[in-house]
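Read-outs throughout are calculated quantities, based only on the coordinates presented, and are distinct from any laboratory measurement. Model, not experiment: these values are computed from the prediction. When we count neighbours, we look across all protein chains shown, and the Cβ atoms used for this are built from the backbone with ideal geometry, even at glycine.
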Amino acid sequence: MSQSKEQKVHSVFESISTDYDKMNSVISFNLHKKWRADIMERMNVKAGSKALDVCCGTADWTISMAQSVGSKGDVTGLDFSNAMLSSAAPKTDKYPNITLVQGNAMQLPFEDNTFDYVTIGFGLRNVPDYETALKEMFRVVKPGGIVACLETSQSEIPGYRQLFRLYFNYIMPVFGKLFAKSYNEYSWLQESADEFPGREELAQLFKSAGFTRVDYRPYSGGVAAGHIAIK
Ligand SMILES: C[S@@+](CC[C@H](N)C(=O)[O-])C[C@H]1O[C@@H](n2cnc3c(N)ncnc32)[C@H](O)[C@@H]1O
C-alpha cells in the first residue's frame, strides 16, 4: 500500500531531524534567516502576547517569537514529529516562555480564539490539505490576531523560475546526499515546493479560509514568500 502524504512527510522529518538545522542553512544559503527577520518586522509583535508556531520543527521561529513576546508572553511550538521536537528541546530550554507540543496542524489541539499570533514556517506545503490547515489557524487565532506564513513560492521572473527548479530538482537533493546522507528525503522538498501555489493563489486560499486582509511579499526573486493575514 502506498504511503499517505502525511505518513511520508512524517517519516522524512523523523529521519532528517538531526541534520535539519545544518541543511537548512546549506540549501537556502542562510536566506531563511533574512526572510524570517523581515516578516517579524512586518508583524510588529507586541510584548506580552500569546503565540503559536505551527510545524515548529527545530524551533527557530518559536525562539524568535519568544524573544519578541518576552517573559510576560508565551509561545507554543507544535509539530507532529517527536524527532524534530527532540532537536528543538535543547535550543528552547533556556526560554521558560516556550512550551513544545506534539500535535497535528490539520487538527490543532487548542480552543477557538486562543492566540494573538500564529506562525507557520515552511510547514504549510507539507500538510495533506492546505485549506484545512489554514482554517485551523483561522479558528485558533483571536479576532484581530495575525497569522504569518513563510513558504517556498513560484517565481514569476522568466528564466529565474527554471533556474530555481533546476537547483531544487537536481542540486539540492545532491546537497542532501552529501551533507545529510539522504537523497530521497531532500527530493521530497523539491516535490512539495513544485506543487505549492504561487503567492497570489496562496493569498486566495487564506481568504477562502476566512481571513479578510492578506498581505504578501516575495523574497529573493519570488522563490519564497511571506504572507500576513488578519482575522
Ligand atoms: C521544513 S520543516 C520547518 C520547520 C520550521 N518551522 C522551520 O522553519 O525551520 C517542516 C516541519 O513541519 C512538520 N510537519 C509537517 N506536517 C505536519 C503536520 N501535519 N502537523 C504538524 N507538523 C507537521 C514537520 O515535522 C517539520 O518539522
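Structure notes:
- Order of Tyr219, Tyr167 under a 10 Å beta carbon neighbour criterion, fewest first: Tyr167, Tyr219
- With distances taken between every two different alpha-carbon atoms, the chain has a Kirkwood hydrodynamic radius of 17.7 Å.
- Most fluctuating residue given options Ala37, Ala203, Ala148, as computed from a GNM of the chain linking Cα atoms under 10 Å: Ala37
- Net length gained if the chain between Ser208 and Ser4 were fully extended (0.36 nm per residue, minus Cα distance): 71.0 nm
- Likely footprinting exposure, Ser71, Ser81, Ser25, fewest C-beta neighbours within 10 Å first: Ser71, Ser25, Ser81
- Whether segment 27-134 is rounded, prolate or oblate, judged on the alpha carbon gyration tensor where a/c under 1.5 counts as rounded: rounded
- GNM top mover of Gly221, Gly159, Gly210 - the chain, alpha-carbon springs below 10 Å: Gly159
- Each of Leu205, Leu166 was scored by other Cβ atoms within 10 Å of its Cβ. Arranged with the fewest first, they read Leu166, Leu205.
- Dipole moment magnitude, nearest 20 debye, segment 5-230 about Cα centre, only Lys, Arg, Asp, Glu C-beta charged: 480
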